[in-house]
């Protein structure tokens with residue numbers, strides 16, 4: 001009985017998260033290019049470079065050709081990070097590292113593999129159930145992983161977007 005309740009719960013939670021994601025997507029503007037290129041701070045999303053510095057933009061073009069990302073912190077966030085390190089506040093450091101990881105291309109690759117795995121697990125579960133006659137819970141695991149993925153996608157959306165101006 002309880003496994004059925006958990007199964008139902010983790011079946012519906014991804015739909016709720018998808019609804020939240022789509023609603024947030026409609027109300028926000030994507031700025032991931034500016035964050036990855038170092039024009040905006042990856043923590044607070046404020047502009048770091050306001051004037052058109054030709055030398056900086058030439059180096060951006062060069063990094064773009066090499067496919068490198070230059071994440072930067074503004075002065076205020078850099079100061080907060082230094083204070084967190086001084087007073088050994090792990091939460092602030094972990095959040096900055098998580099934001100940096102979510103912006104990386106490595107995260108995109110990992111996310112693609114996990115999403116493909118989430119689609120393959122229920123199919124594998126059906127094959128195991130009908131071909132070998134074993135009862136399994138691979139679809140429940142897939143729903144749990146799906147819930148975690150959508151939670152990270154919402155966090156990624158909040159990290160790479162700002163509210164739209166009205």
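Here, each number is a calculation from the coordinates, and none is a lab measurement. Quick caveat: nothing in here was measured; it's all calculated off a predicted structure. Ideal geometry is used to build each Cβ from the backbone, glycine not excepted, and the neighbour counts take in all protein chains shown.
Points worth noting:
- Potential extension, residue 135-residue 7 segment - 0.36 nm per residue separation minus Cα distance: 44.7 nm
- Extension gain from residue 94 to residue 111, taking 0.36 nm per residue of separation minus the Cα-Cα distance: 4.2 nm
- Label-point gap, in nm, between residue 27 and residue 148 - each point 7 angstrom along Cα→Cβ: 2.8
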